[in-house]
Amino acid sequence: MKTRISIMAFVLAALSSSAHASLASDARAFKQGVKTAGKQTGHAVRDAARAIGHGAKGAGHAVADTTKRGYHATKKAVKGSE
């Protein structure tokens, strides 16, 4: 009877340590996955912000150019000269 209990205790201890090792490797894999996903999300946000910034800059330049052309056309029409 004592032998059977000893064997059961040994098997339980062996399974417990292997389960702990498996859990630790799963935790490391999860942590690495979260870090990778975070980096990818950060890069996507950065790229989107840059695209929005470039678009706004282009729109601002277009408005400024159109305004400048309109000003000069109005000035030319009022003065009557080229």
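The values are calculated or read from the model by the stated rules, or taken from the named source; none is laboratory data. Nothing here was measured: the structure is a model prediction, and the numbers come from that model.
Odds and ends about this structure:
- Test: residue in segment 27-34 that is at pLDDT 75 or above, among the small types (Gly, Ala, Ser), over 15 Å from the mean Cα position of the chain (by Cα) and assigned to a helix (DSSP H, G or I): yes
- The one condition in (1) at pLDDT below 95; (2) in a helix (DSSP H, G or I); (3) more than 17 Å from the chain's Cα centre (by Cα) that Lys57 fails to fulfil: (1)
- One residue alone among Val78, Val45 is among the β-branched types (Val, Ile, Thr) and at pLDDT below 95, and that residue is Val78.
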